[in-house]
Amino acid sequence: MTILEPDGKKMGSGIEIIFSRSRQGKKMRLLTTLTLLSAMFCATKDVSGGLITVSLNEGLSFQNEGTLQYDDTANLSTLDGSWGPTTTGTVTKASYATGSSDLWFDAISANFDLAAAGVDFNDIVSAELRFFAKNGTTDGWPGNHRYEILQGAKNTTHEDSNPTGTSFNLPSGDWITTSLNTSWFTSNSFDVTIRLWEVDVDAIELRLTTPSVPEPSSFVLLGIGACALGAGTYLRHRQKQSTTTA
């Protein structure tokens, strides 16, 4: 039996139609298999974790004599040429200088709100503390511009001691970066102490690296598109055959 298309053209015998459908079915199965394999190998394509900068939440200038602390967040949160510490109360020197005098603030207690930056402390892969600093006045510890990074808020390690820690010479100011141990992060409220000798500070920030995350592969999307196109073609062909047979 010969079947005609709607326009009168010969389509083929019933046997030819069955063979065509069988061949089309094989093509569809092959296309579906390739798409699934593509999904298995490519659906979990990794992209590098992001580098996230966390701004200072609170910055307290402190010492253990005279005026014990002052909220210097406004001076320490942005790089704007507004330097800490603020002179207030017994503090008359506009540089940080650890020692036994009440004329200088000794250090900075910095707090960061990780949740506000969209970070969970459990997801931190690596961390850096950065602060923009320059040489301070030279009437406390002349020529000794040093810093020490300490765990926790208002850490009193080396309080009233002679200059120690890492030395630098930055007459005009620049970023100082130091790596942090991720074990220091125990909650989404993170505290760290920056002990200083003859240093002015303009800004403080955290830089955190988070893990890589899965990303849908472009190969999967292409495979799905090809499968959908093949399925559409096959269904149109079957509908055409059914109409012709009827």
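The values are calculated or read from the model by the stated rules, or taken from the named source; none is laboratory data. Note that the structure is a prediction, hence the values are computed from the model and not measured. In this analysis, Cβ positions are derived from the backbone assuming ideal geometry, glycine residues included, and neighbour counts consider all displayed protein chains. The area values use the complete protein model at the heavy-atom level, side chains included, leaving out ligands, DNA and RNA. Shrake-Rupley method; radii C 1.70, N 1.55, O 1.52, S 1.80 Å.
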Considering residues of segment 123-143 that are without any contact (Cβ under 8 Å) to a residue 60 or more places away in the chain and surrounded by 17 or more Cβ atoms within 10 Å (Cβ to Cβ) only, the residue farthest from Gln69 (Cα to Cα): Trp141
Residue, nearest to Ser126 (Cα to Cα), within segment 50-65, restricted to residues that are open to solvent by 30 Å² or more (accessible area, probe 1.4 Å) and small (Gly, Ala, Ser): Gly50
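Could you please find all residues in segment 104-118 being aromatic (Phe, Trp, Tyr) and part of a loop (DSSP other than H, G, I, E, B)?
Trp104
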Top-ranked residue of segment 147-173 - restricted to ones that are touching a strand residue (DSSP E or B) at 6+ places or on another chain (Cβ under 7 Å) and charged (D, E, K, R), ranked as most open to solvent (accessible area, probe 1.4 Å): Lys154
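Scan Leu56, Leu51 and give me the residue that is touching a Ser or Thr at 6+ places or on another chain (Cβ under 8 Å) and over 18 Å from Leu150 (Cα atoms).
Going through Leu56, Leu51 in turn, just one is touching a Ser or Thr at 6+ places or on another chain (Cβ under 8 Å) and over 18 Å from Leu150 (Cα atoms): Leu51.
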Selection over segment 112-122 where residues are among the acidic types (Asp, Glu) and exposed (fewer than 15 other Cβ atoms within 10 Å of the Cβ) yields a count of 1
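Can you find a residue that is of a type in the set (Asp, Glu) and over 26 Å from Asn188 (Cα atoms) anywhere in segment 146-154?
First, the residues of segment 146-154 that are of a type in the set (Asp, Glu): 148.
Narrowing further to those that are over 26 Å from Asn188 (Cα atoms): none.
Checked segment 146-154: no residue is of a type in the set (Asp, Glu) and over 26 Å from Asn188 (Cα atoms).
Residue by residue through segment 66-103, note down the ones that are of a type in the set (D, E, K, R), part of a loop (DSSP other than H, G, I, E, B) and either open to solvent by less than 30 Å² (accessible area, probe 1.4 Å) or closer than 26 Å to Asp174 by Cβ (or both).
Asp72, Asp80, Lys93
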